[in-house]
Amino acid sequence: MCDKRVSARMKGKVYKTVVRPAMLYGLETVALRKRQEAELEVAETKMLRFSLNEYIRGTAHVRCFGDKVREARLRWFGHVQRRDSEHIGRRMLRLELPGRRPRGRPKRRFMDAVKEDMKLAGVREEEAEDRVRWRQMIRCGDP
């Protein structure tokens, strides 16, 4: 990745196919806090800077890491929404535990993160039934 003879575009392709999937693994089911998302952005930028050593995002044709996490989370949500209503994964999304929540600021739940992502993407839950259209609507750019 540090070889100067390899073009920036090729380094970007290697990054998109090797590094980013490793960083994204499992994040589609997690409600990240803003600080955690910022730390992942910093780690991504450091890796890109280490390999490219110039204008990073435009040279490698790489989108923001937060956008890719948002896309993965919405893709997984759409997959679960298309399952039948008795599927355990779909029931768990709507689960409300009995009792009171503890004092203080409530923890960020997965559905809170998904609703925020849907608002940013401009989509509604009902639109997840059409897989092809849902994928087009949540897509944020580079593969």
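The values are calculated or read from the model by the stated rules, or taken from the named source; none is laboratory data. Worth saying up front: this structure is predicted, and the values here are computed from it rather than measured. As a convention, Cβ positions derive from the backbone with ideal geometry for all residues, glycine included, and neighbour counts pool all protein chains shown. Ligands, DNA and RNA are stripped out before the accessible areas are found, and what is left, the full protein with its side chains, is counted by its heavy atoms. Shrake-Rupley method; radii C 1.70, N 1.55, O 1.52, S 1.80 Å.
Quick notes on this one:
- Within the stretch 64-79, the set of residues being open to solvent by 10 Å² or more (accessible area, probe 1.4 Å) and either over 11 Å from the mean Cα position of the chain (by Cα) or of a type in the set (Ser, Thr, Tyr) (or both) comprises just one member, His79.
- A count restricted to the stretch 99-113 and to residues that are of a type outside the set (Phe, Trp, Tyr), open to solvent by less than 100 Å² (accessible area, probe 1.4 Å) and in contact (Cβ under 8 Å) with a residue 12 or more places away in the chain stands at 4.
- Under the condition of being open to solvent by 70 Å² or more (accessible area, probe 1.4 Å), farther than 10 Å from Leu74 by Cα and outside any helix (DSSP H, G or I), the residues counted in the stretch 114-143 number 3.
- The residues listed here are Glu41, Glu28, Glu37; of these, the one that is farther than 20 Å from Phe77 by Cα and either touching a residue at least 12 places away in the same chain (Cβ under 8 Å) or open to solvent by less than 40 Å² (accessible area, probe 1.4 Å) (or both) is Glu41.
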